[in-house]
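These notes are about the structure you will find just below.
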Number of protein chains: 2
Amino acid sequence: MFDKTYYEVSLKKVRIEDEFWSRYVKLIETVAIPYQWDALNNRIEDAEPSYCTQNFKIAGGEHSGSFHGFVFQDTDLSKWLEAIAYMLEIHPNEQWEKIADEAIELIEKAQQESGYLNTYFTIKEPGAKWTNLRECHELYTAGHLIEAATAYYKATGKDKILKVVCKLADHIDETFGIEEGKIHGYDGHQEIELALVKLYEVTGEIRYLNLSQYFIDARGTEPYYFDIESEKRGYTKHFEDDFMYKKDYNQTHLPVRQQTEAVGHAVRAVYMYSAMADLASKMKDQELLETCKTLWNNIITKKLYITGSIGSTSYGEAFTFDYDLPNDTNYSETCASIGLIFFAHRMLKIEANATYADEMERALYNTVLSGMSLDGKSFFYVNPLEVWPEACEHSPIKAHVKAARQKWFGCACCPPNVARLLMSIGAYIYTVSENEIYTHLYISGRVDVELQGHKIGLIQKSNYPWSGVINFEVEVEATKQFSLALRIPGWCKSHTVMVNNKPVQVSIKRGYAFINREWENHDTITLELMMPIELMQANPRVRENAGKVAIQRGPMIYCLEEADNVPNLSTITLSSEFDLTASYNENLLSGIVEIKGTGYTVDEAESNSLLYNSYQLKEKPIEIKAVPYCMWGNREHGEMLTWIRYK
Amino acid sequence: MFDKTYYEVSLKKVRIEDEFWSRYVKLIETVAIPYQWDALNNRIEDAEPSYCTQNFKIAGGEHSGSFHGFVFQDTDLSKWLEAIAYMLEIHPNEQWEKIADEAIELIEKAQQESGYLNTYFTIKEPGAKWTNLRECHELYTAGHLIEAATAYYKATGKDKILKVVCKLADHIDETFGIEEGKIHGYDGHQEIELALVKLYEVTGEIRYLNLSQYFIDARGTEPYYFDIESEKRGYTKHFEDDFMYKKDYNQTHLPVRQQTEAVGHAVRAVYMYSAMADLASKMKDQELLETCKTLWNNIITKKLYITGSIGSTSYGEAFTFDYDLPNDTNYSETCASIGLIFFAHRMLKIEANATYADEMERALYNTVLSGMSLDGKSFFYVNPLEVWPEACEHSPIKAHVKAARQKWFGCACCPPNVARLLMSIGAYIYTVSENEIYTHLYISGRVDVELQGHKIGLIQKSNYPWSGVINFEVEVEATKQFSLALRIPGWCKSHTVMVNNKPVQVSIKRGYAFINREWENHDTITLELMMPIELMQANPRVRENAGKVAIQRGPMIYCLEEADNVPNLSTITLSSEFDLTASYNENLLSGIVEIKGTGYTVDEAESNSLLYNSYQLKEKPIEIKAVPYCMWGNREHGEMLTWIRYK
């Protein structure tokens, strides 16, 4: 472990020119970022108002008025600012840089002399700062601002917002820690831990890394801090929800290093695991790395939806227990899948193991993309695998499930989270070590890196995810020996590699095909990943999916929508008698590979209106059509089904 | 409609001597009634204390102290007293009559001068009487006491408790009504409506019937009473639950006669429908009868579990919407099925139509019996059709589902409700009209009736529900022409009738086989109901049961239990390749017909620990065993499954 160092490639060095992804990135730039800016300024009709920038204006003394929104409302602006930073890093844009600079002015003005920065407490409860860490998200809010600041500094070189967050981080460092006189607490919603690592990376200031480590190691220890602060403030509560007071909800049930199961609020969990992976890497902390691996394995072998989402219940937006994966009452928050990607990406920088990239890809292509509509203007917070719209309206246990994406949310964590991830997706494609380039995601474009002092360009070209044929071209100034490591996805059972159009034998290590040779300029590599339609089954311990299959092709999970099929999707059975076929349809859902075939449905003509009857087979063949899960809900609203009965 | 009058046969005239039922009746007499008396007096170890009799002692000035328990705690004593009344009606018992008389003394002492009687308000909020009808169950509590009193009077002829409730009813009559100066309100939990009809039947006092009708017809009208009273008391609340303030929760969303769908709290609904049926019958109210039929049909064609339970959600213990019948998150309260039986029984007295008796039988043999353990000492409030014990502990949407019966409940409506129904089951077997005897339930024993002045005895003998062969013997003093109408259950597809051992042709009307003849003493009838194992399917609109069957034999729904099968029941598939066989096993669960056969399960040896895999058939044959649903959970605790996959 820690035998090698794997580096991320900075966003500036990655260019995306990809049929599938360029559309999304452009959507974030041209629609989502402007749209979200309007939302932050309460300019979206028929949507819940955000009040976010207004709160900053009031806190900064520019406006008068009262605070509106959640206690963590500031983070919507931070996540938006982070997204715009990534945009500016890729495509400089004066107009938006000016708007971002104005937003930064607002933020700077809202900072207090001490360094403290949080509009809720500044406006509404100035005397109650740091008194309710369990519920009030102050450190979480600080963390998102720090993330935004480091991104903005890296993109533009301007340090105004960086100075603001350093002052804030210094204030936090003076306030929290094991030393006497400091608060021995930690955050109720993890986030600052990973943000402080980023701040350390940008500033080189080791105090920030140590503070992050303090927060991780103080968590869940005895005496139990959240009870101490509760008692001290007279047991007041900010939220009514009782789950807030369950220890596993915010992963304080055990000291972090003793945790072996993913529990509680899913976003909190994966944000923390991401920071733990960061710290393990920076500190070469073997024990913490083992904890990360144990938690990772618990998620992916027992608590992960096939769409890469996590959080089986809306109660606390949380994990439940092993193999409990209901399809229609789940939470599967978009943000939680984004956090899972953060976790995976950090693990990849410790160990180049395709399991991390596989799950990163699964979450990205399915749940994260499902989180946003094809027009970039509406969002899912919750990502069910099965939807019966009438039940969402009338069944209390499905009330959190929406059959249509929403324009904005009172608690709007997901839309700007999608924006910041997709705007920075270039940073997730490659990592490099001393003389290896790892390709984790198949996204067309170009990357420029330096290996042992040699400049190397790698051009990637494919129709992924619709096709498994991926072409690479190497650009070197002079012949150079190094390895290209190409991920062979877990879903792929057969692949071929050609170099300069000649088949080559490659060795597979931890899920990567290694091609080590003296590369010459314009050498080409063709990787072909066989991408047949696969019918997937769940582990039999997942009771919900007994007797059912999910359709997968490449990284894409497919689903049935009412728009393409019969109204009652539960009547459909797929059968081994019939083959499914895949074909590209440029006119459907911005251009997709659709999957068609024959299945069975109930012959309604033979059914009667009784609720219960003696069994009789009354099925008839029916043509079925499946579309990528991530695209569902972009047409008329209706039912959706991912796990389909099979015989 | 109302062309005939159908009379109930009084409990005294029915003797039960039945292998199956005598055990239950005896259990109520010898275990449940004494046990519940101990519970009412806080004498059950490890069970939630009731405080019920103590509250009466305090209200009556006999003890000092404060009120404990729910606002409707008094009803536990009332339902117990009703059960004991039925017991005394069948089997006089000095010891228990003395205890009951002492309980009646307690109740009498707790009554106030005005007639008011409710220990909660008397002890705890004497100034707040009748100010929160929506939440505080005062009329509901009065109703249960009235029911108990009429039963006790009929059983013993003693009128002390009858006088108490007449005084209470008179007080309510003076307090409520459309007349100026009276409260224009009605109860938040229906019950008094059906109780007042019983009081009318016993006393002949028409004011009680009119008061019942007032409550029904005032309900749901504008101006909306519950809002008026809310405003008047300054919007205080008794319960925190928000559903309490939804109009459909207590069926006040529309005037009663305009209601067409069963909505809201299931027990409230069916208690109200029962009163409506009573009133329709007594008042010859055609419109109200049509409303009853519409609501009945909505339940049985769209909202009924195959086990005869109702209430698809724990949120408000309520109906949800058509065809929403989840098996593992449902409520299916024991009391709601008891209420459905009340409703059915009343409809049978208006129209002898086997649909009512069919559903009465379904609810009785499955959910009601499931409500109590075989030893009579523990109870289910919630009756799921599928249980995964780990999920009951860890999944928030299943927290209300218990994998084992409980000893007692803080809100203990179900145990004494089961007791009073089973103690009076004799009254549900027969109805008579001018010269017809209808047999609705097949329970061995004897009934004595008078038709047109002739005394007739009918002896019934069978091994029902395990066998469909039912023998009758007629006893007449002289030859007499009349009809025996024997229900041909909806589940029965083939039957034969013999009179004096010779096959006869019978006409079937509304589900009853009519045998009209000059009966002579000792004439015999043999009804054979073919009772094969049936695999049942649900209407395809019930999404939860797609591709699944339930096993039924006669009136009994069967289930799989972990105790008899593999641990993960969801891995089991039944198949048309294999037959199931039924055989009596005297050593299992107090003696049952068990069902055995072959199915398939997953070959675990071939499964791996991955969460998702490409589909491959890896099944192996397995011997399965099913037991009657009502008996589940009487051995070691484990999984249970009613709807089983089928291919």
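Antiparallel beta bridges, as assigned by DSSP with both residues in the range B:533-646, represent about 95 percent of the total such bridges.
Suppose the chain between B:Arg510 and B:Glu586 were pulled fully straight at 0.36 nm per residue; how much longer would it get relative to their current alpha carbon spacing?
Between B:Arg510 and B:Glu586, full extension yields 23.8 nm more.
In terms of the ratio Rg/(2.2 N^0.38 Å) built on C-alpha atoms, what value belongs to the range A:561-607? Here the answer is 1.36, to two decimals. For B:Glu473 and B:Lys596, FRET efficiency with R0 = 35 Å and r from the beta-carbon atoms, rounded to 0.05? Given R0 = 35 Å and the Cβ-Cβ separation, E is 0.50.
A label point on B:Asn521, set 7 Å along the Cα-to-Cβ line, lies at 12.3 nm from each of its counterparts in the other copies, closest listed first.
Rg over Rh for the protein assembly as shown works out to 1.03, using Cα positions for both radii and the Kirkwood form for Rh. Legend: ranking of residues A:Val270, B:Val401 from fewest to most surrounding C-beta atoms inside 10 Å; resulting order B:Val401, A:Val270. Considering only the protein assembly as shown, what is the antiparallel percent among its DSSP beta bridges, to the nearest 5? Once the DSSP bridges in the protein assembly as shown are tallied, antiparallel ones form about 90 percent. Diffusion coefficient of the range B:430-529 by Stokes-Einstein, Kirkwood radius over Cα pairs, 37 °C, 0.692 mPa s: 243 µm²/s. Once the Cβ-Cβ distance between B:Glu577 and A:Asn501 is put in as r, and R0 is 60 Å, what FRET efficiency do you end up with, to the nearest 0.05? Efficiency at R0 = 60 Å is approximately 0.65. The ellipsoid that matches the Cα gyration tensor of the range A:500-588 has semi-axes, each √(5λ) in whole angstrom, of 38, 19, 11, with the longest given first.
When the P(r) of the range A:198-263 is calculated, the portion above 13 Å amounts to 71% of the C-alpha pairs. With the simple model of a label 7 Å out from the Cα in the direction of the Cβ, A:Phe239 to B:Lys247 spans 3.3 nm. Can you pull out the GluC sites (Glu not before Pro) in the range A:567-640 whose DSSP state is coil and whose Cβ has at most 13 other Cβ atoms within 10 Å? Within the range A:567-640, the qualifying GluC sites (Glu not before Pro) (loop, at most 13 other Cβ atoms within 10 Å) are A:Glu577, A:Glu586, A:Glu636. Shown for A:Lys302, A:Lys596: other C-beta atoms within 10 Å of each C-beta, ranked fewest to most, produce the order A:Lys596, A:Lys302. Summarising the label geometry, the points placed 7 Å from Cα in the beta-carbon direction at A:Arg43 and A:Lys620 lie 5.5 nm from one another. Taking the square roots of five times each eigenvalue of the Cα gyration tensor of the range B:533-646, the equivalent ellipsoid has semi-axes of 25, 17, 13 Å, listed largest first. In the range A:525-605, which chymotrypsin sites (Phe, Trp or Tyr not before Pro) fall in coil by DSSP and have 15 or fewer other Cβ atoms within 10 Å? Loop-located and lightly packed - A:Phe578.
Placing a label point 7 Å from the Cα of B:Met283 along the Cα-to-Cβ direction, the residues of the range B:168-186 with a backbone N closer than 13 Å are B:178. Sorted shortest first, the distances from the A:Lys620 label point to those of the same residue in the other copies are 4.1 nm; each point sits 7 Å from Cα along Cα-to-Cβ.
Projected onto its three principal axes, the C-alpha set of the range A:257-325 covers 35, 22, 20 Å, listed from the longest axis down. Spin-label pair A:His522-A:Glu102: with each label point 7 Å from Cα along the Cα-Cβ axis, the two points sit 5.0 nm from one another.
Sequence-ordered 3J(HN,Hα) estimates for the range A:476-492 from the Karplus curve with 6.51, -1.76 and 1.60 and θ = phi - 60° stand at 10, 6, 9, 3, 8, 8, 6, 9, 9, 10, 10, 5, 9, x, x, 6, 9 Hz, glycine and proline given as x.
Over all distinct Cα-Cα pairs of chain A, the Kirkwood formula returns a hydrodynamic radius of 25.7 Å.
For the range B:1-48, trypsin sites (Lys or Arg not before Pro) meeting the loop criterion (DSSP other than H, G, I, E, B) and having at most 13 other Cβ atoms within 10 Å: B:Lys4, B:Arg43. With label points set 7 Å from Cα along Cα→Cβ, the inter-copy distances at A:Lys509 are 9.0 nm, sorted shortest first.
Under a 5 Å amide H cut-off, with hydrogens placed 1.01 Å from N, A:Ile622 pairs with A:Gly599, A:Tyr600, A:Thr601 among residues at least 5 apart or on other chains. Mean sequence separation of contacting Cα pairs (under 8 Å, at least six apart), scaled by the length of chain A, corresponds to a relative contact order of 13 percent. When each of B:Ser78, B:Ser281 is scored by the number of other beta-carbon atoms lying within 10 Å, the sequence from fewest to most is B:Ser281, B:Ser78.
Per residue, chain B reaches -10000 deg cm²/dmol at 222 nm when only DSSP H runs of four or more residues are counted, each adding -39500 (n - 2.57). Coordinate range of the alpha-carbon atoms in the range B:233-388 per principal axis, descending: 48, 47, 29 Å. Amide H contacts under 5 Å for B:Cys559: B:Val627, B:Tyr629, restricted to partners 5 or more places along the chain or on a different chain, H placed in the peptide plane at 1.01 Å from N.
No lab work stands behind these numbers, since they all come straight from the coordinates. If you're wondering where the values come from, they're calculated on a predicted model, not measured in any experiment. When we count neighbours, we look across all protein chains shown, and the Cβ atoms used for this are built from the backbone with ideal geometry, even at glycine.
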